[in-house]
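The next block holds one structure in the form of structure tokens; read it before the comments.
The values are calculated or read from the model by the stated rules, or taken from the named source; none is laboratory data. Small disclaimer: the values here were computed from a predicted structure and weren't measured. Counting neighbours? That spans all protein chains shown, and the Cβs are built from the backbone with ideal geometry, glycine included.
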Amino acid sequence: MATLIEQLLEQYDKRKDEIRRRLFEFRQMMNEGNERVFAELAFCICTPQSKATAAWNAINSLMNNGLLYRGSAEELGGFMNAVRFGKNKAKYIVDARKKFTVDGKLQIKEFLQSFIDPLELREWLKENVKGLGMKESSHFIRNIGLSENQLAILDVHVLKNLKECGVLERIPKNLTEKEYLKVEGKMKEFSKQVGISMDELDMLLWSKETGMIFK
């Protein structure tokens, strides 16, 4: 019987082309306009305790009708029924929009590109953008192609699979920043051990649980 790690490597062989295509798409994100990059930030604000597909559907609807870029928190909240704590997250999105708007125009790309180190960018985002913690900040940076294989997106699916693979003895009940960095370090070591980059490994573990390569 194949070990869990052997099974993981088999799944990687089957999915690596799809995973790499998706990561390539993320790396092209900074070639898009400020509005598209902001939409990715809004998506990551919406993901905590909600399905990624439901969060993206809400953001996609807001993009299509333009409300994501000009609507009030109340207007955005009307599209958040499938997103847990949708009204609060709508407020966070509006706050973020104000933060990255200069002279009436979104300037989020210029700000993001001022950071060289993805770890420093993550620290700034989690401290300054409401609704973003370590996981959500890491998620956003990965989704715009700036993670440089340095960040882990430690959601419940990834943590569960790290435990199953023997990387973790237990899943932390409270993922404090200190604990997050500790687990992230273990995941980096595991990444080197199995020869799969951090970004690819994250998507592989997530897809192993959900059955899809998404965002």
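Out of Phe26, Phe38, I need the residue that is out of contact with any strand residue (DSSP E or B) (no Cβ under 7 Å at 6 or more places or on another chain), modelled with pLDDT of 95 or more and crowded, with 17+ Cβ neighbours inside 10 Å. Which one?
Numbers: Phe38 fails: out of contact with any strand residue (DSSP E or B) (no Cβ under 7 Å at 6 or more places or on another chain).
Just one listed residue meets the conditions, Phe26.
In the range 50-73 there is at least one residue that is assigned to a loop (DSSP other than H, G, I, E, B), modelled with pLDDT of 95 or more and over 26 Å from Asp199 (Cβ atoms).
Might you check whether a residue that is modelled with pLDDT of 95 or more and part of a loop (DSSP other than H, G, I, E, B) occurs anywhere in the range 196-210? For the range 196-210, residues modelled with pLDDT of 95 or more and part of a loop (DSSP other than H, G, I, E, B): present.
Name the residue that is nearest to Leu168 (Cα to Cα), counting only residues in the range 1-28 that are outside any helix (DSSP H, G or I) and not aliphatic (A, V, I, L, M).
Of the range 1-28, the ones outside any helix (DSSP H, G or I) are 1-3, 28.
If we keep only those that are not aliphatic (A, V, I, L, M) too, we end up with 3, 28.
On the way: Thr3: 16, Gln28: 33 Å.
Checking each candidate, the answer is Thr3.
Considering the range 41-54, and only residues there that are more than 12 Å from the chain's Cα centre (by Cα) and not basic (Lys, Arg), the residue that is surrounded by the fewest Cβ atoms within 10 Å (Cβ to Cβ) turns out to be Gln49. In the condition set (1) surrounded by 20 or more Cβ atoms within 10 Å (Cβ to Cβ); (2) within 15 Å of Met203 (Cβ to Cβ); (3) within 17 Å of the chain's Cα centre (by Cα), Leu162 is compliant with all but (3).
Here Leu121 meets the list (1) touching a residue at least 60 places away in the same chain (Cβ under 8 Å); (2) part of a helix (DSSP H, G or I); (3) assigned by TED's automatic domain parsing to the domain that holds Leu68; (4) crowded, with 21+ Cβ neighbours inside 10 Å almost entirely, failing just condition (1).
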